[in-house]
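A short write-up of the structure that comes next.
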Amino acid sequence: SEVMDFCGSLDRWGRDGMRRFLAQQHANLMDAIGSMTEAWLVSEPVEGKWTCRDVLTHVLCWEEFAWAVIQNWPETEGVDLSHWLVAGEEGDATNARLMAEKIDFTMIDLVDWLTTFHRRTLRTFDKLSDEQVRTQAYTGFGRNSFTGFLYSMSMHTADHAALAMPATNPFLKELMETFLDVGGRKGRRGGPALDFDELGIWRYVELKKTVF
């Protein structure tokens, strides 16, 4: 829709604003796990039956998908996305299959790979021209601009970050869930959409602070 096209556009964010937005979603996901022990992360359900480890694994699977789409942007027509998009396979089955492939990943593996794909995404964004990031290209789910596609993938990450906020941080969890409920994508409940950076809740996990 035109509304969603605008939500993920340079017209809305500008280059610097879009880059900050993308960086903040990764930071927020890391914040969701930053103060917890590994034993808690791999044992306590936070999203249905999923633990924080499961949530990170799921997000990583789709970060890999996003990287496959954007790495040669806007030349995406020949990209093989069949590993993620299998005709006739239900979404839950796809997620289970992809996550099973990472059953041996440690928490360190997951965080490192999430950070690696995030860095690659930002570097790709930095080297593309404004014209290129506005160009519509195939993404596996129709056609979108570079920023529009990354906006939608970042909102996927934001959804899971909100659900993964540990019970020991109820304020941040409530703040994130309120953002997604009231403003996240379309300005629900008839109100104006909010931008993540308006909430002032962005902190980097200490280990990753110097990356950006």
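The values are calculated or read from the model by the stated rules, or taken from the named source; none is laboratory data. Just so we're clear, the structure is a prediction, and the values are computed from it rather than from any experiment. Cβ placement follows ideal geometry from the backbone for every residue including glycine, while neighbour counts extend to all protein chains displayed. Areas reflect the complete protein model, heavy atoms only, side chains present, ligands, DNA and RNA absent. Shrake-Rupley method; radii C 1.70, N 1.55, O 1.52, S 1.80 Å.
A few notes on this one:
- In region 110-131, of all residues being free of Cβ contacts under 8 Å to residues at least 12 places away in the same chain and either polar (S, T, N, Q) or open to solvent by less than 80 Å² (accessible area, probe 1.4 Å) (or both), the one that is farthest from LEU98 (Cα to Cα) corresponds to SER129.
- Verdict on ARG12 being over 19 Å from SER145 (Cβ atoms) and of a type in the set (D, E, K, R): no
- First in region 82-95 and closer than 15 Å to ALA68 by Cβ, second anywhere and of a type outside the set (Val, Ile, Thr), Cβ under 6 Å, 6 or more apart: TRP84/PHE65; LEU85/GLY140
- When region 86-108 is filtered for residues that are at pLDDT below 95, within 17 Å of SER43 (Cα to Cα), in a helix (DSSP H, G or I) and open to solvent by 40 Å² or more (accessible area, probe 1.4 Å), only ILE108 remains.
- Qualifying residue in region 137-144 (condition: charged (D, E, K, R), at pLDDT 55 or above and open to solvent by less than 70 Å² (accessible area, probe 1.4 Å)): no
- Selection status of ARG53, at pLDDT 95 or above and more than 19 Å from MET4 (Cβ to Cβ): no
- Counted as qualifying within region 8-70 are the helices (runs of 4 or more DSSP H) with 3 or more residues that are crowded, with 18+ Cβ neighbours inside 10 Å, namely 10-31, 52-70.
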